[in-house]
Amino acid sequence: MSRIPIAVLVFLAGFTAYIAAAVVLADHVLKLHWTVQAVYFLVAGTVWAWPTRALMVWAARKG
């Protein structure tokens, strides 16, 4: 099996789980000070990119 379909399935499952966790945690963060909220949403909105990049590089690699 090609790596690309595997990567797509892993991405969809992982990203769905990540969004669910981020939303659940956001419910707790919304009760805190606005600076904590800003930091949380900045981190939560960008941290998903690193594993996604690694998955894309893996999928594009030959062999």
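Taking the criterion of being over 26 Å from Thr16 (Cβ atoms) and hydrophobic (A, V, I, L, M, F, W, C), the only residue of the range 30-46 that qualifies is Trp34. Taking every residue in the range 1-26 that is modelled with pLDDT of 95 or more and surrounded by 10 or more Cβ atoms within 10 Å (Cβ to Cβ) and pairing it with any residue that is among the hydroxyl-bearing types (Ser, Thr, Tyr) and in a helix (DSSP H, G or I), at least 6 positions away or on another chain, the pairs with Cβ-Cβ distances below 8 Å are Phe11/Thr52; Phe15/Thr52; Leu25/Tyr40; Ala26/Tyr40.
The values are calculated or read from the model by the stated rules, or taken from the named source; none is laboratory data. As the structure is a computational prediction, the values presented were derived from the model and not from experiment. Cβ: placed from backbone, ideal geometry, glycine included. Neighbour counts: every protein chain shown.
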